[in-house]
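Structure, as structure tokens:
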Amino acid sequence: METEKIVAAYFQHVPVEVFEKAKQIKVLITDIDGVLTDGGIIYDNAGMEFKKYNVKDGLIVQHLKKAGFLVGAITGRASQVVENRCEELRFDFHYHGVKDKHKKLNELLETMELTLEEVAYLGDDLIDLPVLTKVGLSIAPADALPYVCAAVDYVSPFVGGDGVFREAADLLLHAKGQLIPLIEQFAKKEA
């Protein structure tokens, strides 16, 4: 089938071990700056903050949730723009201004009764390393710092703010056998 060939080509660069780890995942947690955005922050003369997000990254959140995944964010910066985006995407949880992400993750997992092996985390910088080195599946964008890339299970060919979150989400859905049916469901919808 054509969809299967397209998806196989999409993921041909992903190691088998990454797919095996992805099968255990129940929650996808992401950093924001440098992952959902390109890491840039724009301020106007009035001090208003602006960020650019990729709608492809955002679109997949609802499908992850329908598939039974929890989706959330732990970010080091406190920003109303980021809070607004997390709310718009209907993340299950989002924490802002967190300086000790590992501690926050452990608190969260205790509350949710999940293990580290059931967590996929996307991060790109020093503050993410304590989480990236502990979770079941760690992913970095292509433009993450070299020492972050060296510490993760998988480095996406996509950069921050330009599809890394989407690829991670698609990978999780595919590992659980849910991506191809989702694509085919949309391909069959009538105009």
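Quick notes on this structure:
- Count - residues of the range 116-135 that are under 24 Å from LYS23 (Cβ atoms) and either open to solvent by 10 Å² or more (accessible area, probe 1.4 Å) or β-branched (Val, Ile, Thr) (or both): 8
- Flag for LEU64 being aliphatic (A, V, I, L, M), in a strand (DSSP E or B) and surrounded by 14 or more Cβ atoms within 10 Å (Cβ to Cβ): no
- Flag if ILE25 is touching a residue at least 60 places away in the same chain (Cβ under 8 Å), open to solvent by less than 60 Å² (accessible area, probe 1.4 Å) and not in a loop (DSSP other than H, G, I, E, B): no
- Residue within the range 81-88 that is outside any loop (DSSP other than H, G, I, E, B) and either among the polar types (S, T, N, Q) or within 11 Å of the chain's Cα centre (by Cα) (or both) present: yes
- Residues in the range 28-61 that are part of a helix (DSSP H, G or I) and in contact with a Phe, Trp or Tyr (Cβ under 8 Å, 6 or more places away or on another chain) were compared, and the one that is nearest to LYS104 (Cα to Cα) is VAL61.
- Cβ-Cβ under 8 Å pairs, at least 6 apart or on other chains, the range 163-177 side at positive phi and open to solvent by less than 20 Å² (accessible area, probe 1.4 Å), far side among the polar types (S, T, N, Q) and at pLDDT below 95: GLY163/ASN54
The values are calculated or read from the model by the stated rules, or taken from the named source; none is laboratory data. All figures in this text were calculated on a predicted structure; none of them were measured in a lab. Cβ sites come from the backbone with ideal geometry, for glycine too, and all protein chains shown count toward neighbours. To get the accessible areas, we keep the full protein, side chains included, count just its heavy atoms, and leave off ligands, DNA and RNA. Shrake-Rupley method; radii C 1.70, N 1.55, O 1.52, S 1.80 Å.
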